[in-house]
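*Asks:* One structure coming up, written as structure tokens, with questions to follow.
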Amino acid sequence: MKYVAYVNIKLKQSVLDPQGEAVRSALVSMGYGGVQEIRLGKRIRVELEAANEAECREIVDEISQRVLVNPNMETYEYEIREESGE
Amino acid sequence: MKFGIIVFPGSNCDKDCRTGIEAAGFDTGFIWHRDTSVAGYDCLVLPGGFSYGDYLRPGAIARFSPIMDSVARFASDGKPVLGIGNGFQILLEAGLLPGAMRRNAGTRFICDWINVRVESEGTPFTSLYAEGDVLTLPVAHGSGNYFAHPDVLAQLNTGGQVVLRYCNELGEAASRANPNGSLENIAGICNETGNVVGIMPHPERACEAILGGTDGRRIFESAAEWVRGGVRVGQGA
């Protein structure tokens, strides 16, 4: 079965985000004074073959923890869709 | 005394390391990241640069290069390993050193000369320095903003694992002397046994007076002395 996983990676709240702060301050200087916080993250699309959804989740968790995410400063969550040839 | 310089795709300080280390009087050899042997080397250097284009996170992909298993074994044998800049980031991603690097606090790439204070002489790379020595070295990085959880940070401090701190010319680790937002001005750390060291400044660019300074030479001279003395981690210090 072919699956597509969308892994969303966020910086932990305790970690300062200099890029997000730079974007926020640019937006404020453009006149969007109401923008209070920007946090940048990553969204990674993973296309994979797996026997079933349980195996798919196992693989996605493993590659997230081993490679995609740095657990020192990031957290992740993901959603999975069956690929229907969209 | 032979230093092995590991070359990843995207390393760009490998030749600087060769030139700097040879200027300090030692032999060097390049080790391609797809090789798996580090035989014949007394010390390994992971040089600076942008391995794999810094894709995903700096060092995140290079840590899976075939050579890294041998680097880990070399390290667990107590032999000296030095990561400089991107090499430091690779050692962090590989879990050979604790913590992580964030983007610089000011978001800019910093290319400058800075001062660092030697915090520990108990590593192979600082054994010829005295604690409190102030070195002037170049930095060149976009992600040198060191981060670790408070309990890890406490362990680094109590275990003597902070090797270098950014400081002013008087040797004070003032916040204004911190170029990138690193926690507690940390510019370099070591593992618990002291033989694996990661630093953001580039000592290999400060080995010849004609290039602006020679404060980096003793990093490599220390390693040679340490190897020559047959000092093993866990003894002395």
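To keep it simple, each residue is scored yes or no on (1) in a loop (DSSP other than H, G, I, E, B); (2) more than 23 Å from B:G229 (Cβ to Cβ); (3) modelled with pLDDT under 95.
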site	(1), (2), (3)
B:M68	no, yes, no
B:F74	no, no, no
B:Q89	no, yes, no
B:G95	yes, yes, no
B:R108	yes, yes, yes
B:C111	no, yes, no
B:N115	no, yes, no
B:S120	yes, no, no
B:T126	yes, no, no
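*Asks:* Which of the residues spanning region B:139-190 are within 26 Å of B:P80 (Cβ to Cβ), in a loop (DSSP other than H, G, I, E, B) and of a type in the set (S, T, N, Q)?
*Replies:* B:S143, B:Q161, B:N180, B:S182
*Asks:* Could I ask something else about it? Quick one: B:R18 ticks every box in (1) assigned to a helix (DSSP H, G or I); (2) touching a residue at least 60 places away in the same chain (Cβ under 8 Å); (3) of a type in the set (D, E, K, R); (4) out of contact with any helix residue (DSSP H, G or I) (no Cβ under 6 Å at 6 or more places or on another chain) bar one, so which box is it?
*Replies:* The one condition B:R18 does not meet is (2).
Listed here are the residues, each with its yes/no results for (1) more than 14 Å from chain A (Cβ to nearest Cβ); (2) hydroxyl-bearing (S, T, Y); (3) within 14 Å of B:V197 (Cβ to Cβ); (4) buried (at least 22 other Cβ atoms within 10 Å of the Cβ).
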site	(1), (2), (3), (4)
B:G49	yes, no, no, yes
B:L56	no, no, no, no
B:I61	no, no, no, no
B:G78	yes, no, yes, no
B:I90	no, no, yes, yes
B:E93	no, no, no, yes
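*Asks:* Would you point out the residue of region B:98-126, among those that are more than 14 Å from chain A (Cβ to nearest Cβ) and over 15 Å from B:I189 (Cβ atoms), that is surrounded by the fewest Cβ atoms within 10 Å (Cβ to Cβ)? Reasoning before the result, please.
*Replies:* Within region B:98-126, the subset more than 14 Å from chain A (Cβ to nearest Cβ) is B:111-126.
Among the residues that remain, those that are also over 15 Å from B:I189 (Cβ atoms) are: B:111-115.
Working: B:C111: 10, B:D112: 8, B:W113: 14, B:I114: 20, B:N115: 23.
Going through the qualifying residues, I end up with B:D112.
*Asks:* Filter region A:1-28 down to residues that are part of a helix (DSSP H, G or I) and away from chain B (no Cβ under 14 Å) and give me whichever is farthest from A:A51 (Cα to Cα). It would help to see each step written out before you state the result.
*Replies:* Taking region A:1-28 as the starting set, the residues that turn out to be part of a helix (DSSP H, G or I) are A:18-28.
Now restrict to residues that are away from chain B (no Cβ under 14 Å): A:27-28.
Values: A:L27: 46, A:V28: 49 Å.
Going through the qualifying residues, I end up with A:V28.
*Asks:* Name the residues in region A:59-82 that are of a type in the set (D, E) and either over 25 Å from B:Y55 (Cβ atoms) or in contact with an Asp or Glu (Cβ under 7 Å, 6 or more places away or on another chain) (or both), would you?
*Replies:* The one that is of a type in the set (D, E) and either over 25 Å from B:Y55 (Cβ atoms) or in contact with an Asp or Glu (Cβ under 7 Å, 6 or more places away or on another chain) (or both): A:E82.
*Asks:* Let me ask you something else. Would you please list the contacts, defined by Cβ atoms under 6 Å and residues six or more apart or on different chains, that run from a residue in region A:59-74 that is under 16 Å from A:Y3 (Cβ atoms) and at the interface with another protein chain (Cβ under 7 Å from one of its Cβ atoms) to a residue that is buried (at least 19 other Cβ atoms within 10 Å of the Cβ) and among the basic types (K, R)?
*Replies:* The qualifying pairs do not exist here.
*Asks:* Anything in region B:40-58 that is among the charged types (D, E, K, R) and in a loop (DSSP other than H, G, I, E, B)? List them, or say none. Quick ask: steps written out before the conclusion?
*Replies:* The initial filter retains those residues of region B:40-58 that are among the charged types (D, E, K, R), namely B:42, B:54, B:57.
Scanning region B:40-58 gives B:D42, B:R57.
*Asks:* Give the number of residues within region B:143-177 that are without any contact (Cβ under 8 Å) to a residue 60 or more places away in the chain, within 24 Å of A:Q13 (Cβ to Cβ) and touching a strand residue (DSSP E or B) at 6+ places or on another chain (Cβ under 8 Å).
*Replies:* So the answer is 6.
*Asks:* To continue, here is another question. With respect to the numbered conditions (1) at pLDDT below 95; (2) over 30 Å from B:G99 (Cβ atoms); (3) not aromatic (F, W, Y), which one is the sole condition not fulfilled by A:V35?
*Replies:* The number of the failed condition is (1).
*Asks:* Pick from A:A50, A:A54: which is touching a strand residue (DSSP E or B) at 6+ places or on another chain (Cβ under 9 Å) and either at pLDDT 95 or above or among the polar types (S, T, N, Q) (or both)? Working first, answer last.
*Replies:* Working: A:A54 fails: touching a strand residue (DSSP E or B) at 6+ places or on another chain (Cβ under 9 Å).
Result of the check over A:A50, A:A54: A:A50.
*Asks:* Any idea which residue in region A:34-58 is farthest from the other protein chains (Cβ to nearest Cβ), counting only those that are surrounded by 12 or more Cβ atoms within 10 Å (Cβ to Cβ) and part of a loop (DSSP other than H, G, I, E, B)?
*Replies:* Result: A:A50.
The values are calculated or read from the model by the stated rules, or taken from the named source; none is laboratory data. Quantities reported herein were computed from a predicted structural model and do not represent experimental measurements. Here Cβ is always computed from backbone atoms with ideal geometry, including for glycine, and neighbour counts include all displayed protein chains.
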